Every structure is written in C-alpha cells, then in structure tokens.
Amino acid sequence: MKYVGRTKVGKVKTNPTTELAIIRLPVEMKEKAGKFAHIWKVNEDTVLISFSESKEVERFPSVHFGVHQAIGNDVEERLRRLEAAVDELVTAVRESTINTLNKEKPECSGRDLNPGHGIESPV
C-alpha cells in the first residue's frame with residue numbers, strides 16, 4: 001500500500017440541520033476532480049473510495065484485492081532490493097573464498113607443538 005499524504009477532515013454546514021465531512025485529496029490526485037467517488041465502509045476507521053466516471057456503482061470492490069494490489073508495488077520494490085543485496089553478499093563470499101584458497105599455505109616451522117607426545121608414561 002502506498003502512503004499518499006494526509007489531510008484534516010473538515011466540515012461544511014449545508015443547512016441548519018446538516019453537516020457534511022469534507023476531505024481534500026492531495027495535489028497528486030487532482031485528476032480525480034469531477035469524477036464520482038463511490039465509498040464503502042470497511043470498519044469504523046477505514047473506508048474504501050473508488051473513483052469512476054459513472055454515477056452508478058459499476059462493480060462491488062474487493063477490499064482484499066484493492067489492498068493486495070496496492071501493496072504489490074512496494075513488495076516488488078523491496079524484493080528487488082533484497083535480491084540485489086543477496087547477490088552482493090554471494091559475490092563477496094565467493095571472492096573471499098577464492099582469495100583464501102589462492103593464498104599460499106604457511107609452512108610449518110617443524111617445531112613440535114606437543115613435546116610430550118611420543119613419551120611413554122611409566123605404569
């Protein structure tokens with residue numbers, strides 16, 4: 001899901017007994033002006049708004065599909081960045097392994113690091 005912006009919900013009094021909530025859309029959504037907004041209540045604090053040229057509801061929206069579709073773009077971008085990071089890590093590990101294998105092994109000084117080895121203990 002992509003965060004578009006924030007706005008404070010205002011109100012307008014259309015007559016002495018009626019007050020309406022007014023929401024201003026962000027500038028990036030100015031092309032929605034003049035269209036019909038079909039509004040569905042998902043829960044107490046969440047609504048789904050679908051814009052249309054038609055005054056009549058053309059189809060019942062799937063909230064799951066709407067949310068999944070919106071999330072999809074962000075997930076794809078995150079997945080792309082994760083794949084790139086994994087590729088970098090794999091390349092670094094390969095190069096490190098190759099460098100380690102190509103290094104000459106240090107020669108042993110010939111000194112016995114376990115001088116007690118080979119001496120039999122009295123029984």
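General observations
- Per-pair calculated FRET efficiency, R0 = 25 Å: Arg24 and Glu58 via Cβ, rounded to 0.05: 0.50
- Applying Stokes-Einstein at 10 °C and 1.306 mPa s to the Kirkwood radius of the stretch 8-60, computed over alpha-carbon pairs, gives a translational diffusion coefficient of 122 µm² s⁻¹.
Where a number appears in this text, it was derived from the coordinates with a stated rule and is not lab data. Computed from a predicted structure; not experimentally measured. Virtual Cβ from ideal backbone geometry, glycine too; neighbours counted across all protein chains shown.
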